[in-house]
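Everything on this sheet refers to the single structure shown next.
The values are calculated or read from the model by the stated rules, or taken from the named source; none is laboratory data. Note that this is a predicted model, so its numbers are computed, not measured. For neighbour counting, all protein chains shown are included, and Cβ atoms are generated from backbone atoms with ideal geometry for every residue, glycine included.
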Amino acid sequence: MSWKPEYIILIVASTLVDFGAGLAIEKADSKKRKKLWLFLSLFVNLGLLFTFKYWDFFNESIRDVLGTFSIQFEPSTLKLLLPVGISFYTFQTLSYTIDIYYGKIKPIKHLGIFATYVSFFPQLVAGPIERAKHLIPQFYNKVVFEYERVKNGLLLMLWGMFVKVVIADRLAILVNTVYKHDETHNYLLDHTGSSLFIATFFFMFQLYLDFSAYSNIAIGAARVLGFDLQSNFRRPYWATSIADFWHRWHISLSTWFRDYVYIPLGGNKRGIKRHLINLLITFVLSGVWHGASWNFALWGLLNGIFLIAQVFIDKRKKTKTSKASFVKRLLKSVLVMFLWGGSLVFFRAQTFDDAIYVFQNISIFGWDNLYELGLTASEFKFVFYCIIAIYILDYIQEKKDLYKILAGRNIVIRFAVYIVAILMIIYLGAYGENVGDNQFLYFQF
Amino acid sequence: MKKMLIKIAVIMIVVLGTIYYLDTSKLFSFDEDHVEKRWDGLYKFSSENEVDLLILGNSKTYCGINPKTMSSRLGANTFVLATPNGSLTQSYYNLREALTVCKPKMVAIEVSTLNSTTMADKEGSGKSFLYKDFSARRNIYEKLITTPQWFDLEEYAFAWSTSIRNHNFLFTNTEQIEKNREKAKNIVVNNKLYLGRYVRFTSGIQDSILSKYKTDGPSVNGDSLTISNEQLNSLQLLIDLLKENNIQPVFFTIPVYKDHIENYDTRYNILTELIEDKYGYELFDFQQFYQEDMLKTDCFENTYGNQHMTYLGSLVVTYNLADSIQNSPNSIGLPNRKGDQLWHNIFYGEENYFYNNPMIKGSKVLFVQNDLIAPTCSIKEIGIVQEEKFKLIMAKVPKSCISESEKEDFQVQLIVDVKMKGKAQRIQVKLPYNKYHKPGEYYIYSMPVQDIEFVQILQTNIVNTKLTAPSN
């Protein structure tokens, strides 16, 4: 994530164009004119996103392709800093004009409210990507202080902070040690077998905990202010299939791609071939949304392929089982994590070659000293137990509302939990001297 | 809303109380924090005595100035309030706090603290030392004033709380926590006064570093030494503060080995323009006026990079600074407390005391004989002084006996009846010239010994070894 004051022009431009386009689409008297305004909105928003995020990648890819045919092409790269939150607010504003075009919502006449919708601070930088239909009406509501709502928001923020600082950032230390690849040295190549496996396993949890922590803080902050944001995660590592997983992971983005890419492409209504192609297109685009590199595209493609495989498996099933046993469910969730974790190698590795190296070497038997990967023995054990605790808590949360369980306890227990959580953030958090600067992972998108 | 605020307040009180408890219990502190000892020393010293000369600077200063030797030479109470990696900005804010507990007559400022860095530049060990310096200070108001000047907002918690700053000990240094816990159980009160001295280096530059100077050249170029605006502003603030408090400033430079730096003239010119021309104060620059005959390789740390003085080097510089202060025509004159009991209690017999003061038999002086007649001259005192780790045989020869240029050629030779390991013997003792003492009225000839007891000096002689040495 990066910030230049002049980049504020981008969000202002995006806001003004979509505000104007929304009004113009509604006023347009013909379908053709409506389409024209929609295209203007798409062109400006995606144009900005393309320029700032994909221009260099696009040109370098062309150079590489032409290079294979011995054609020399020296692209003009812009080397621009990626503006804060551009992927998120671009999608948020796009959904507004597209929804107006399809008649799902009416445009709003108040520029200030629309600007607040685009730049609503709790979720501006890394989502959840909100829909106009859900968020804009809330700006018209009178906000009054509600004890339960504010408390709930604060607790969500506290939980998010705890998960981020105590667990995710400590996992990051090991992951970054193993996957490190800088100009001077590719440290990844120094690792094999167990190191690669544990780093990938830790990254799977780091990504979940880091991003869900941010989402919880964003949702909690909005709740304190009196706004309700849609939830972004629903215990994804207890998903029993890849399709189930994508209903639980980064929900606001998944549903965005479902509503504005997959369904407009025809979804599953135009025959099996088209259905599968639509899945692949949607997931590759979702991958590329995350970052301008072939690794992200491959990550998306791999998840698309998993889903296609699932389509075939589901088709073979004659009947649906009534209720899976705990063991069966656990095994299924482990299988999903295995597939998902494998795909994340592309997500985390810095180059395609690095990802291939991981796949080639992860199964090589070798028992590296896991306590020499950036974490001390006690840190390693601590963080490992934390992962297990989170996994168990997620399972309990599937069945019961943990917030309600806590709220039902007496004040001494509740206060003890709050105080211990705060002190754990302070004293067990991975921050300070000799610990790197740990931004939220999704800030880079 | 009120209900929630009360609950949040209760939670915060418990959390802050826990942090306060952990900070004061020192569970997360480092061992032997000399920065903390220095501040504790200043507070203790100031509560019992007056500080006459306060010396500000960085690690070069506390390695390069010996406050005990300085005090024994001047007779004035000296305290070194220097901090590792310290800058002048740091010195200014430290002085503010120091002035709340003492009112020195003179403040000496070492000018390598006037450099290109800013507080925002500090990182790594420099930042760690800054935190330690801040933590060791006690005046809450001054710390509040200092906080925004030294730290960024996200560093405030680290600055104010040792336990938060070192919280990673819980995973990375549990042995230290355990040690601190044990220490807290068995508190040992150390009444020894700490005067800000930190003896770190005892052996000098070795051949490997000397050859590196030859092959790679000096490690510092005076042309590239600049002073940041932040430091210049701090210098102005510091001078204003000293004026307000009617304190005389003195500026000085701790030297580095002659081959360690090149183009020092450039740096010297900048410093003189600033300190002498702009502000009208004296600069005692021991780099520009490098004493080749005294500052040999054994005076400097054996390093090619950031160089400090050894114990011997610090004696040379301490005497130079003491004499420069004393002999300066602009000096306001520091009090001579040699007759005060309080001064005597602190400095009597301490490092190099008897070089500068008469030996009187007692717990520190194991043997002394005065006015011994040698063939060419009368030796003022010959004695044995009990130092911390050895005994020192010392002879004081009046300067009138030997010419300045020949003093190192001479030896004091004695025939003495002694007891060594309980056995009576008659031996000859040869005392070479002590070049780490800057002569006052006497030249010092001395030699460290481990186990010896003088019974009687039978014969005394002052011999020019150059003249008596056999020629080839």
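When you scan segment B:145-177, how many residues do you find that are aliphatic (A, V, I, L, M), farther than 21 Å from residue B:17 by Cα and without any contact (Cβ under 8 Å) to a residue 40 or more places away in the chain? Before you say what the answer is, go through the steps one by one.
Within segment B:145-177, the first condition is being aliphatic (A, V, I, L, M), and the residues that meet it are B:145, B:153, B:157, B:159, B:164, B:170, B:177.
From the residues that got through so far, the ones that are farther than 21 Å from residue B:17 by Cα too are B:145, B:153.
Now narrow it down to the ones that are without any contact (Cβ under 8 Å) to a residue 40 or more places away in the chain: B:153.
Adding up the residues that qualify gives 1.
Put simply, of B:205, B:209 the only residue that is assigned to a helix (DSSP H, G or I), out of contact with any Leu (no Cβ under 9 Å at 6 or more places or on another chain) and either within 25 Å of residue B:62 (Cβ to Cβ) or basic (Lys, Arg) (or both) is B:209.
Scanning segment A:374-397 for residues that are away from every other protein chain (no Cβ under 14 Å), surrounded by 12 or more Cβ atoms within 10 Å (Cβ to Cβ) and closer than 21 Å to residue A:173 by Cα yields a total of 3.
Looking across segment A:398-426 at every residue that is within 9 Å of chain B (Cβ to nearest Cβ) and among the hydrophobic types (A, V, I, L, M, F, W, C), the one that is farthest from residue B:156 (Cα to Cα) is identified as A:411. One residue stands out among those in segment B:428-457 that are at pLDDT 90 or above and surrounded by fewer than 16 Cβ atoms within 10 Å (Cβ to Cβ): the one that is nearest to residue B:400 (Cα to Cα), which is B:432.
Scanning segment A:17-65 for residues that are exposed (fewer than 15 other Cβ atoms within 10 Å of the Cβ), not in a helix (DSSP H, G or I) and not acidic (Asp, Glu) yields a single hit, A:30. Every listed requirement among (1) more than 21 Å from the chain's Cα centre (by Cα); (2) within 28 Å of residue B:17 (Cα to Cα); (3) in contact (Cβ under 8 Å) with a residue 60 or more places away in the chain; (4) more than 9 Å from every other protein chain (Cβ to nearest Cβ) is met by residue B:129 save one, (1).
For segment A:120-142, the set of residues classified as under 20 Å from residue A:249 (Cβ atoms) and either outside any helix (DSSP H, G or I) or among the hydroxyl-bearing types (Ser, Thr, Tyr) (or both) consists of A:125, A:126, A:127, A:128, A:129, A:130, A:131, listed by residue number. All conditions but one from (1) under 30 Å from residue B:154 (Cα atoms); (2) more than 13 Å from chain B (Cβ to nearest Cβ); (3) surrounded by 17 or more Cβ atoms within 10 Å (Cβ to Cβ) apply to residue A:429; the one that does not is (2).
I'd like to check which helices (runs of 4 or more DSSP H) are fully inside segment A:341-445 and have at least 3 residues that are free of Cβ contacts under 8 Å to residues at least 40 places away in the same chain and among the small types (Gly, Ala, Ser). Explain how you work it out, then say what you get.
Numbers: elements: A:352-361, A:377-399, A:402-407, A:411-428.
The helices (runs of 4 or more DSSP H) meeting that bar are A:377-399.
Give all pairs with beta carbons closer than 6 Å in which a residue from segment B:351-365 that is aromatic (Phe, Trp, Tyr) meets a residue that is part of a loop (DSSP other than H, G, I, E, B); count only pairs at least 6 apart in sequence or on separate chains. Between residues of segment B:351-365 that are aromatic (Phe, Trp, Tyr) and residues that are part of a loop (DSSP other than H, G, I, E, B), the close pairs are B:355/B:437.
What tally of residues in segment B:296-347 results from selecting those that are of a type in the set (A, V, I, L, M) and more than 20 Å from residue B:251 (Cβ to Cβ)?
Our first condition is that a residue be of a type in the set (A, V, I, L, M); within segment B:296-347, this holds for B:309, B:312, B:315-317, B:321-322, B:325, B:332, B:334, B:342, B:346.
Next cut, more than 20 Å from residue B:251 (Cβ to Cβ) only: B:312, B:315, B:342, B:346.
Summing the residues that are of a type in the set (A, V, I, L, M) and more than 20 Å from residue B:251 (Cβ to Cβ) in segment B:296-347 gives 4.
The residues listed here are A:439, A:360, A:350; of these, the one that is among the polar types (S, T, N, Q), farther than 18 Å from residue A:197 by Cβ and away from every other protein chain (no Cβ under 14 Å) is A:350. From the list B:42, B:27, which residue is within 14 Å of another protein chain (Cβ to nearest Cβ), surrounded by 20 or more Cβ atoms within 10 Å (Cβ to Cβ) and either without any contact (Cβ under 8 Å) to a residue 60 or more places away in the chain or not in a strand (DSSP E or B) (or both)? Answer to the selection: B:27.
Does residue A:284 satisfy the criteria of being buried (at least 19 other Cβ atoms within 10 Å of the Cβ), in contact with a helix residue (DSSP H, G or I) (Cβ under 9 Å, 6 or more places away or on another chain), closer than 22 Å to residue A:238 by Cβ and β-branched (Val, Ile, Thr)?
Numbers: buried (at least 19 other Cβ atoms within 10 Å of the Cβ): yes; in contact with a helix residue (DSSP H, G or I) (Cβ under 9 Å, 6 or more places away or on another chain): yes; closer than 22 Å to residue A:238 by Cβ: no; β-branched (Val, Ile, Thr): yes.
Spelling it out, it is not the case that residue A:284 is buried (at least 19 other Cβ atoms within 10 Å of the Cβ), in contact with a helix residue (DSSP H, G or I) (Cβ under 9 Å, 6 or more places away or on another chain), closer than 22 Å to residue A:238 by Cβ and β-branched (Val, Ile, Thr).
Restricting the first member to segment B:13-24 and to residues that are within 10 Å of chain A (Cβ to nearest Cβ), and the second to residues that are in a helix (DSSP H, G or I) and of a type in the set (A, V, I, L, M), the beta-carbon pairs closer than 7 Å and six or more apart or on different chains are B:14/A:419; B:15/A:419; B:15/A:422; B:15/A:423; B:18/A:423; B:19/B:164.
Restricting attention to segment A:192-219, the residues being closer than 30 Å to residue A:121 by Cβ, of a type in the set (Phe, Trp, Tyr) and in contact (Cβ under 8 Å) with a residue 60 or more places away in the chain number 4.
Each residue in segment A:146-177 was checked for being under 17 Å from residue A:371 (Cα atoms), β-branched (Val, Ile, Thr), under 21 Å from the mean Cα position of the chain (by Cα) and more than 14 Å from every other protein chain (Cβ to nearest Cβ), and 1 pass.
Taking the residues in segment B:138-164 that are buried (at least 21 other Cβ atoms within 10 Å of the Cβ) and not hydrophobic (A, V, I, L, M, F, W, C) as candidates, determine which candidate is nearest to the other protein chains (Cβ to nearest Cβ). For segment B:138-164, the residue satisfying everything is B:163. For segment B:296-312, a tally of residues being touching a strand residue (DSSP E or B) at 6+ places or on another chain (Cβ under 9 Å) and under 22 Å from residue B:352 (Cα atoms) returns 6. Quick check on segment A:215-245: of everything there that is in contact with a Lys or Arg (Cβ under 7 Å, 6 or more places away or on another chain) and part of a helix (DSSP H, G or I), which residue is farthest from residue A:290 (Cα to Cα)? Ranking the qualifying residues of segment A:215-245, first place goes to A:223. Sub-6 Å Cβ pairs linking a first residue in segment A:112-133 that is without any contact (Cβ under 8 Å) to a residue 60 or more places away in the chain to a second residue that is hydrophobic (A, V, I, L, M, F, W, C) and outside any helix (DSSP H, G or I), at least 6 apart or interchain, are A:132/A:105; A:133/A:105, ordered by first then second residue. Would you call residue B:381 crowded, with 19+ Cβ neighbours inside 10 Å, within 17 Å of the chain's Cα centre (by Cα) and either within 30 Å of residue B:415 (Cα to Cα) or touching a residue at least 12 places away in the same chain (Cβ under 8 Å) (or both)? No, not satisfied. On the given criteria, is residue B:446 among the hydroxyl-bearing types (Ser, Thr, Tyr) and assigned to a strand (DSSP E or B)? Yes. Of the helices (runs of 4 or more DSSP H) lying entirely inside segment B:224-343, those carrying at least 3 residues that are closer than 19 Å to residue B:112 by Cα and of a type in the set (A, V, I, L, M) are B:229-244, B:311-327.
Considering (1) within 16 Å of the chain's Cα centre (by Cα); (2) closer than 30 Å to residue A:139 by Cα, the lone condition that residue A:259 does not fulfil carries the number (1).
Which of the residues belonging to segment B:165-202 are within 14 Å of another protein chain (Cβ to nearest Cβ) and either of a type in the set (Val, Ile, Thr) or part of a strand (DSSP E or B) (or both)?
Selection gives B:172, B:174, B:177.
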